[in-house]
Every structure is written in C-alpha cells, then in structure tokens.
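The values are calculated or read from the model by the stated rules, or taken from the named source; none is laboratory data. These numbers were taken from a predicted model, which means no experiment stands behind them. Cβ: placed from backbone, ideal geometry, glycine included. Neighbour counts: every protein chain shown. Quick note on the areas: whole protein, heavy atoms, side chains included, nothing else; ligands and nucleic acids left out. Shrake-Rupley method; radii C 1.70, N 1.55, O 1.52, S 1.80 Å.
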Amino acid sequence: MLVLGIETSCDETSAAVVSDRKFLSNIIASQDEVHRKFGGVVPELAGRKHIEVISGVVRSALAQAGIGVDQVEGIAVTKGPGLVVCLLVGMGFAKSVGWSRKIPLVGVNHLEGHLLAAFLGNPKPEFPFLGLIASGGHTILCLAQDWGQYRILGQTLDDAAGEALDKAAKVLGLGYPGGREIDRISKQGNPKAIEFPIAFTKHRELDYSFSGLKTALLRYVREHPESKNDLPDLAASYQEAVVEALVQKAAQAINKFRIKRLVLSGGVASNTRLRQAFEKVAQAKGLSLFIPSVRLCTDNAAMIALVGEERLKRGFRDDLSLDARAVLPLESWQ
Ligand code: KG4
Ligand code: ZN
C-alpha cells in the first residue's frame with residue numbers, strides 16, 4: 001500500500017512515502033536556522049515556516065519515490081503530541097489532499113512513530129520488545145506487545161532526557177540544537193571528570209526524573225566557575241549522568257520482564273554515547289538491540305507513514321474532524 005506520511009509536530013517539516021514497511025522517500029526540512037538565534041523553538045515562527053515549505057517537501061517526497069499523487073492510497077499525518085500551531089499545518093495539508101483526491105486519511109500518534117521507526121531499518125525487530133522513547137519532550141519506557149498494543153512501564157516525572165540536554169547546552173553556552181552539540185563536544189571530554197547525581201525516583205522504580213540534574217549543573221558551574229574553561233569534561237560528565245539514568249532503568253526493566261529484544265528511539269537515540277551504552281547492555285545480557293539510523297531517530301515522516309500504513313490496513317480512518325492534540329499519551333489501539 002503506498003502511503004504518504006506528513007509530520008509537522010515541531011520544527012521539522014517532513015514528508016515520506018512508505019510501502020509494505022519500507023520507505024521510498026523521507027524528506028526532512030530542518031528549521032534550525034530559524035530558531036537558532038532564540039536558543040529554542042518559537043512556535044509561531046515554526047508554524048509559519050511549515051506553511052512556507054510543506055507543499056515543496058511533499059512534492060519532493062512523491063518525486064523521490066517516483067510516484068504521482070494519484071497513486072497514493074493513504075495519507076498518514078501526525079495528530080499529536082506537539083505544538084498545535086505546527087500540527088495544524090500538516091493536518092490541514094493532509095486533509096485537503098485527502099479530501100480533494102478522495103484518499104483515505106489517518107491520524108498518527110508521534111510517539112508511536114518514534115517507537116516503531118525501527119521497523120524501517122534492517123534487521124527489523126519482532127514483538128514483544130522493550131522500547132525506550134527518548135526525545136525532546138518525552139522519556140517513556142514501554143513494553144510493545146504488538147502493533148497497537150503497548151504497556152507503559154515508566155516515564156519522566158519532570159523534564160525529558162532531550163530537554164535536560166538542551167537546557168544544559170544553554171547553561172554551558174553551547175550551540176543549537178543543544179543535544180547534538182553536547183554529543184559533539186563530549187567526544188573530547190572525560191565522562192568521569194565530574195560526578196553528577198543520577199536521579200532515581202524513590203517510589204516508582206521505572207520512572208525518570210531529570211530536573212534535579214539540571215539544578216546540579218547550575219550549582220556546580222556557580223561553585224566552580226573555572227570549570228567552564230573545560231567544557232568538554234563538563235558536557236561529557238553531564239551527558240554521562242543522563243545516559244546512565246536511561247540505561248540503568250532500562251536494565252531494571254529487562255531483568256523484571258525477562259525481555260529478549262530492546263528498541264531505542266527518539267531524537268536522543270542519535271546520541272553516540274547512549275548508543276554505545278545500550279550496545280554494551282545488550283551484549284552483556286544477550287539481547288537483540290535495534291536502534292534506527294540517526295535520520296529515523298529524529299523527527300521524520302517515514303515513521304508516521306509506517307504506523308499509518310498499519311492502521312489503514314486494519315481499517316482505521318479519520319475524517320475532516322481530526323483534531324490536533326498538544327498532549328497525547330501513547331495508547332493501545334481500540
Ligand atoms: O525526537 P525529536 O527529534 O523531537 C521530539 O519529538 O522531541 O528529539 C529532539 C531531541 C532534542 O532534545 C535534541 O537535543 C535531541 O533530541 N537530540 C540529541 C541528539 N540529536 C538530537 N540528543 C543527544 N545527542 C544527539 N546526537
Ligand atoms: Zn519527535
């Protein structure tokens with residue numbers, strides 16, 4: 001089934017064509033240049049930029065897949081969670097193409113897109129697996145039992161892992177986007193130089209908490225102003241605390257649920273140190289590990305089209321009343 005996917009939940013305008021769980025194209029237009037001088041995504045500007053480029057991005061996705069719009073058999077669009085002014089652009093576009101060409105439309109949960117993006121890689125995972133979604137807005141540990149069958153085991157109680165990295169990059173005066181800069185500069189630093197606290201939530205053992213870590217960094221920099229002269233060590237040590245928290249909780253879940261397969265996804269899954277740490281855990285515990293390529297970890301429409309194809313095949317459809325949702329939990333299909 002040829003499915004066109006559209007993703008505009010934050011600051012990437014993306015369109016892709018997927019067929020039988022393989023992507024034929026995956027165009028991503030980044031808005032980093034628009035938001036760099038503000039040090040973060042400005043929703044109003046992001047929405048305007050999506051409007052400006054979406055038509056060209058969709059056209060490129062179709063062209064690269066070598067198909068015309070008349071061959072598209074389904075349209076999948078991100079319905080949330082995300083910035084509503086941004087989501088509405090993708091949705092409006094998807095609805096108008098779907099309505100005018102009489103192509104079935106389906107809304108897709110962005111988090112599900114991240115979780116299942118590994119099915120676009122090679123080799124592909126099998127269900128059940130333990131999934132860790134680590135992005136700019138979410139940190140979720142879950143058991144994926146089948147397509148549309150998820151059990152959430154833990155999530156962050158405050159900041160997301162990506163948010164913790166982005167905020168630290170700002171404190172340290174690193175470039176934008178922050179997580180990627182921390183990854184880059186940490187390669188020259190010693191991750192054991194400074195011991196930052198790894199947050200363990202007391203009562204809910206598989207939940208995460210990252211806000212204390214950010215406070216610890218602020219305190220450390222205030223008490224040791226000279227440490228800013230060695231940004232690689234500072235960044236690497238901070239990154240290590242984030243990575244350790246993510247890895248240790250996942251390891252706990254692996255032991256508890258006797259998992260055989262592990263899937264890491266979301267923008268933070270592009271982090272070099274995190275990928276290495278998960279490879280180590282997988283090796284030590286004899287698990288199969290699946291981490292999508294960097295382009296499929298960060299926001300992209302191929303993951304949306306993938307989930308859309310599965311939903312469309314099972315008869316899920318949305319009409320023009322489909323609405324954008326700022327908050328949308330990862331939920332099983334009804
Ligand atoms: O999944 P994503 O593209 O968008 C959301 O759904 O949030 O994730 C974006 C997050 C940002 O916090 C960004 O700093 C982080 O992923 N990120 C990274 C890296 N690349 C992106 N964090 C650490 N290392 C990276 N290489
Ligand atoms: Zn995302």
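Restricting to the stretch 93-136, and then to whatever is farther than 26 Å from V294 by Cα and of a type in the set (F, W, Y), can you tell me which residue is farthest from ligand 1 (Cβ to nearest atom)? That would be W99. Only one entry of S14, S55, S30 meets the criterion of being without any contact (Cβ under 8 Å) to a residue 40 or more places away in the chain, within 14 Å of ligand 2 (Cβ to nearest atom) and out of contact with any Pro (no Cβ under 7 Å at 6 or more places or on another chain), and that entry is S30. The set of residues in the stretch 174-200 being open to solvent by 30 Å² or more (accessible area, probe 1.4 Å) and among the hydrophobic types (A, V, I, L, M, F, W, C) consists of L174, A193, I198, A199, F200. None of A160, A193, A216 is under 22 Å from the mean Cα position of the chain (by Cα) and of a type in the set (A, V, I, L, M) except A160.
Meeting the requirement of 3 or more residues that are surrounded by 21 or more Cβ atoms within 10 Å (Cβ to Cβ) and out of contact with any Pro (no Cβ under 6 Å at 6 or more places or on another chain), the strands (runs of 3 or more DSSP E) wholly within the stretch 115-164 are 129-134, 139-146.
Annotation: G173 fulfils all but one of (1) more than 16 Å from ligand 2 (Cβ to nearest atom); (2) in contact (Cβ under 8 Å) with a residue 60 or more places away in the chain; the unmet one is (2).
Looking only at residues in the stretch 300-324 that are hydrophobic (A, V, I, L, M, F, W, C) and part of a loop (DSSP other than H, G, I, E, B), which one is farthest from L88 (Cα to Cα)?
Going residue by residue through the stretch 300-324, those that are hydrophobic (A, V, I, L, M, F, W, C) are 301-307, 312, 316, 320, 322, 324.
Then drop every residue that is not part of a loop (DSSP other than H, G, I, E, B), which leaves 301, 316, 320, 322, 324.
Numbers: A301: 15, F316: 20, L320: 12, L322: 10, A324: 6 Å.
In this case the residue turns out to be F316.
Of everything listed in (1) open to solvent by 20 Å² or more (accessible area, probe 1.4 Å); (2) under 20 Å from L264 (Cβ atoms); (3) not hydrophobic (A, V, I, L, M, F, W, C), the single unmet condition for K167 is (2).
Here's the yes/no breakdown for (1) modelled with pLDDT of 95 or more; (2) away from ligand 1 (no atom under 16 Å from the Cβ); (3) touching a Leu at 6+ places or on another chain (Cβ under 6 Å); (4) under 27 Å from V307 (Cβ atoms):
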| position | (1), (2), (3), (4) |
| --- | --- |
| D146 | yes, yes, no, yes |
| I152 | yes, yes, no, yes |
| A168 | yes, no, yes, no |
| P191 | yes, no, no, no |
| I194 | yes, yes, no, no |
| F200 | no, yes, no, no |
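Just so you know, in the stretch 72-102 the residues that are surrounded by fewer than 24 Cβ atoms within 10 Å (Cβ to Cβ) and part of a strand (DSSP E or B) include one that is nearest to ligand 2 (Cβ to nearest atom), and it is G80.
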